[in-house]
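Derivation of every value follows stated rules applied to the coordinates shown; laboratory data play no part. Just so we're clear, the structure is a prediction, and the values are computed from it rather than from any experiment. Positions of Cβ are backbone-derived with ideal geometry, glycine not excepted, and every protein chain shown enters the neighbour counts.
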Amino acid sequence: MKKFFKFIKTFLFVLIWLMFCSFLEKYWRIIHWEFIFLKVRYVFDYTFWFALKKSLFNFDIGFYLEELFKYASYELPKEVFKFMPIIFVLKITR
């Protein structure tokens, strides 16, 4: 019976936490776009990247670095914020 109540409490916590995170996700998208990505994106607009592209046989390394930055600054923090509390709660209740 004790394990059943522990399961119910954990299940409810995870359910509520994921609903809360999905609610905050649209605000994170706005904050990321305005204050993080657009502040740094101008770095990838320099002619240096076009010259580097020509010297690397039209391999656009600037595009891939920009996509890597977008992923590292948007997706990773979002997923860490979403799943780290769940992991901590599951370790504590184990």
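When each of TRP17, TRP33 is scored by the number of other beta-carbon atoms lying within 10 Å, the sequence from fewest to most is TRP33, TRP17. The reciprocal of the average 1/r between distinct C-alpha atoms defines the Kirkwood hydrodynamic radius, which for region 19-59 equals 12.5 Å.
The tail of the calculated P(r) for region 13-94 beyond 23 Å holds 43 percent of all Cα-Cα pairs. A simple packing score, the average count of other Cβ atoms within 10 Å per residue, orders the peptides 19-27, 62-70 as 62-70, 19-27, with the highest score first. Remark: the LYS91-LEU68 segment gains 5.2 nm on full extension, using 0.36 nm per residue and subtracting the alpha carbon distance. Using R0 = 30 Å, the C-beta based FRET efficiency linking LYS53 and TRP33 works out to 0.75.
Measuring r between the beta carbons of LEU76 and PHE5 and using R0 = 35 Å, the FRET efficiency lands at 0.50.
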